[in-house]
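The values are calculated or read from the model by the stated rules, or taken from the named source; none is laboratory data. Just so we're clear, the structure is a prediction, and the values are computed from it rather than from any experiment. Using ideal geometry, Cβ is built from the backbone for each residue, glycine included, and neighbour counts are taken over all protein chains shown. What goes into the accessible areas is simple: the full protein's heavy atoms, side chains included, and nothing from ligands, DNA or RNA. Shrake-Rupley method; radii C 1.70, N 1.55, O 1.52, S 1.80 Å.
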Amino acid sequence: TEAADRSGAPDRGVRGRLLVRRVRHAWQMRFLFRLFLLLLVVGLIIQVVPYGRDHENPKTVQEIEWNTPETRALASNACMDCHSNLTAWPWYTSIAPISWLTTRDVEEGRAELNFSEWQLPQEADLEEVVEVIREQEMPPLQYRAIHSEARLTDAERQQLERGLVASWAKDPPGR
């Protein structure tokens with residue numbers, strides 16, 4: 001044919017092109033299957049790592065004296081899973097690597113500000129706390145994505161800010 005004469009290669013025709021597609025598709029499927037098996041094996045192996053499985057909440061020693069129950073409710077919904085000893089640990093927080101990320105977030109949150117150990121000086125000061133709430137840095141995006149109750153409206157955020165300022169003034173940390 002003319003196509004074979006110009007390129008120097010024989011024309012494979014429709015049947016040849018279909019065979020090439022099937023081979024390419026089979027190779028892609030084998031690759032995806034092997035990738036899935038590799039991810040499954042790695043996922044099972046990392047479950048052996050013990051970090052992130054101890055979900056014991058320390059005893060609440062002295063909680064901040066909240067100015068109103070509404071402020072406590074807002075803080076409970078948006079802050080206290082990481083910033084208190086009252087952390088709720090859903091089932092998925094026992095599966096690595098989610099368990100590692102959650103445990104790290106809670107440990108860092110409690111070290112910075114812990115509403116359940118108010119008798120101790122807190123790493124964060126009131127201005128920092130108000131600023132991260134105002135700038136919507138807290139609660140973090142990954143937390144808000146799975147916890148709808150932590151998605152505060154502008155009015156709720158302002159109410160939480162005012163309530164924290166009043167509570168902090170009424171009962172400063174470390175007393």
Qualifying positions in region 118-139 - open to solvent by less than 80 Å² (accessible area, probe 1.4 Å) and of a type in the set (Asp, Glu): Asp125
For region 159-172, pairs from a residue that is more than 16 Å from Ser116 (Cα to Cα) and without any contact (Cβ under 8 Å) to a residue 40 or more places away in the chain to a residue that is open to solvent by 40 Å² or more (accessible area, probe 1.4 Å) and in a helix (DSSP H, G or I), with Cβ under 7 Å and 6 or more apart or across chains, are Glu161/Arg134
Go through region 24-77 and report how many residues are outside any helix (DSSP H, G or I), under 26 Å from Ile98 (Cβ atoms) and β-branched (Val, Ile, Thr). 2
Hey, could you check region 42-63 for residues that are of a type in the set (D, E, K, R) and at pLDDT 90 or above and say which is surrounded by the most Cβ atoms within 10 Å (Cβ to Cβ)? Glu63
Filter result for the condition that a residue is buried (at least 18 other Cβ atoms within 10 Å of the Cβ) and without any contact (Cβ under 8 Å) to a residue 60 or more places away in the chain, over Arg110, Arg104: Arg110
So Gln142 passes all but one of these: (1) buried (at least 16 other Cβ atoms within 10 Å of the Cβ); (2) at pLDDT below 95; (3) not β-branched (Val, Ile, Thr). Which condition number does it fail? (1)
If only one of Glu123, Glu135 is charged (D, E, K, R), more than 22 Å from His55 (Cβ to Cβ) and more than 19 Å from the chain's Cα centre (by Cα), which one is it? Glu123
